[in-house]
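Asks: What follows is a single structure, and I will ask about it in a moment.
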Amino acid sequence: MTKQILIVDDDDDIRAVVRVSLEEFAGWRTIAAASGIEGLQIAQTKTLDAILLDISMPDMNGFQMCEALQANPRTQHIPVIVLTAKVLSSDRQQFSGLAVAGIITKPFNPLTIWSQVAEILGWNI
């Protein structure tokens, strides 16, 4: 069965590159959201296998979105992979407190990000 992944990032180029990688190399379906608020609305209404989530976004940042996802019984089961340029130890501690599935740092390799997602989630390709 084809996986469906939500990509939440306020950068149009990042969303496009990640989308192409996941769809073309892994054959997964993707849905894109430009903000945490939009991503949260999609997560509450669609069936998702995973969420790739940027941290630095206006309106609702990734930490806030992750907390909202975990507080909702409809979305708390969805694994979240943080996609971020933030790699300070204090940020990593905050990520671990949110129980995210993994972290992919920016800049990432667009040719291999799909395999990083599969590895983090234990999906066989």
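Laboratory data are not the source of any read-out in this text; all were calculated from the coordinates shown. Given the structure is predicted, the values throughout are model-derived calculations rather than measurements. Every residue, glycine among them, receives a Cβ derived from its backbone with ideal geometry; neighbour counts consider all protein chains shown.
Asks: Given 0.36 nm per residue, what is the gain on full extension from ASP12 to ALA71 after removing their alpha carbon distance, in nm?
Replies: Additional length available on full extension: 18.5 nm.
Asks: Any idea what the dipole of the chain comes to, in debye rounded to 20, about its Cα centre with Lys/Arg Cβ at +1 and Asp/Glu Cβ at -1?
Replies: Roughly 340 debye, rounded to the nearest 20.
Asks: Another question, if that's okay. Ranked by Cβ crowding within 10 angstrom, fewest neighbours first, how are THR84, THR112, THR45 ordered?
Replies: The fewest-first ordering by Cβ neighbours comes to THR45, THR112, THR84.
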